[in-house]
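See structure below.
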């Protein structure tokens, strides 16, 4: 019984495969005006063959019998065959050629203007997402320089160590942690200076978000009673490109700029160079939060945070990284028990992260 059912299923599958091609052909013919041509030619051929079979000699119109009805019907059948051949083979091939030409890089870059490119992209997004308005907005996001700026970061590494704030007295020492950062990445250089920004408000931070000279931005509100310690909130210890230490010059006339370094002309050549800088910032202990913001398209990223020297009992990672895949998050020394670990790594290999992404590190102190 089961064998018979299996044979019937196989026969049904074969029938489906055998009939699928002409069913698809019928659907294609129905979707084009060519079916009207098939219908008219077929009816004309049948009518001519029917007229050719009439005995016109015994009819009232013997002259009509001299017309070559059968020959005309045969010629129409030939035309019908040619139309069928064009529809099945030639038209499909020409459509594929037109499609490949339309979406070729040369056509898009040389023949289509920006408006037409947006229309093509919107149509492509509309095939992926069900909402046409959302597809149009996606194109606007891609076009926005905040999403695809000219500068990209490759092979980004953040080595972060959180320690108690040494060399300071209360209340500063009890209120803040010191965060030591070593940042490395590859990117082009298109400015004459690299600036490190300490933003005391979101407004100042956002003003520098699209500024190519702002190589690092740190958001930290300093209350009035700690204004005398403002110069300790962020300090750059070194800034290098391809191993060459850059010369620091006074940061004047740029609100929020703590330090800035001159970039030699030889680095502004359109090639990628290895950036390396070390700095120390302050973060509030009872703020329970530290964020690493990515303001440029970033590929191959790793962030390692070591908090072994502090009274942080547990450090949680909340990633808001806009990427195709989720990042890999691991704790050390024991990934199975994050509560007993003292180091966490967030890594995303071989994938792009869109700008305005954030990795947030939220902690709980042992005394809490």
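Structure summary
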quantity	calculated
Residue check for residue 191: part of a loop (DSSP other than H, G, I, E, B) and within 36 Å of the chain's Cα centre (by Cα)	yes
Residue satisfying all of: in the range 307-330; loosely packed, with under 13 Cβ neighbours inside 10 Å and assigned to a strand (DSSP E or B); modelled with the lowest pLDDT among these	320
Wholly enclosed helices (runs of 4 or more DSSP H) of the range 1-108 bearing at least 2 residues closer than 30 Å to residue 123 by Cα, modelled with pLDDT under 65 and within 49 Å of the chain's Cα centre (by Cα)	2-30
Residues being closer than 16 Å to residue 276 by Cα and part of a strand (DSSP E or B) - total across the range 194-226	7
Any chance residue 252 is within 21 Å of residue 193 (Cα to Cα) and either in contact (Cβ under 8 Å) with a residue 60 or more places away in the chain or surrounded by 14 or more Cβ atoms within 10 Å (Cβ to Cβ) (or both)	no
Residue match in the range 214-224 (condition: farther than 17 Å from residue 290 by Cβ and buried (at least 16 other Cβ atoms within 10 Å of the Cβ))	yes
Residue check for residue 237: at pLDDT 90 or above, within 27 Å of the chain's Cα centre (by Cα) and surrounded by fewer than 16 Cβ atoms within 10 Å (Cβ to Cβ)	no
Some residue of the range 132-153 being assigned to a strand (DSSP E or B), touching a strand residue (DSSP E or B) at 6+ places or on another chain (Cβ under 8 Å), at pLDDT 80 or above and crowded, with 16+ Cβ neighbours inside 10 Å	yes
So residue 345, is it under 18 Å from residue 178 (Cβ atoms) and not in a loop (DSSP other than H, G, I, E, B)	no
Positions within the range 168-197 being surrounded by fewer than 15 Cβ atoms within 10 Å (Cβ to Cβ) and closer than 30 Å to residue 363 by Cα, in sequence order	169, 170, 171, 174
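This table checks each residue for (1) touching a strand residue (DSSP E or B) at 6+ places or on another chain (Cβ under 6 Å); (2) at pLDDT below 90; (3) over 23 Å from residue 236 (Cα atoms); (4) surrounded by 14 or more Cβ atoms within 10 Å (Cβ to Cβ).
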residue	(1), (2), (3), (4)
257	yes, yes, no, yes
268	no, no, no, yes
273	yes, no, no, yes
277	yes, no, no, yes
289	yes, no, no, no
305	yes, no, no, yes
332	yes, no, yes, yes
359	yes, no, no, yes
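The values are calculated or read from the model by the stated rules, or taken from the named source; none is laboratory data. Just so it is clear, the model here is predicted, and its values are computed rather than measured. Because the Cβ atoms are built from the backbone with ideal geometry, glycine has one as well, and the counts that use them run over all protein chains shown.
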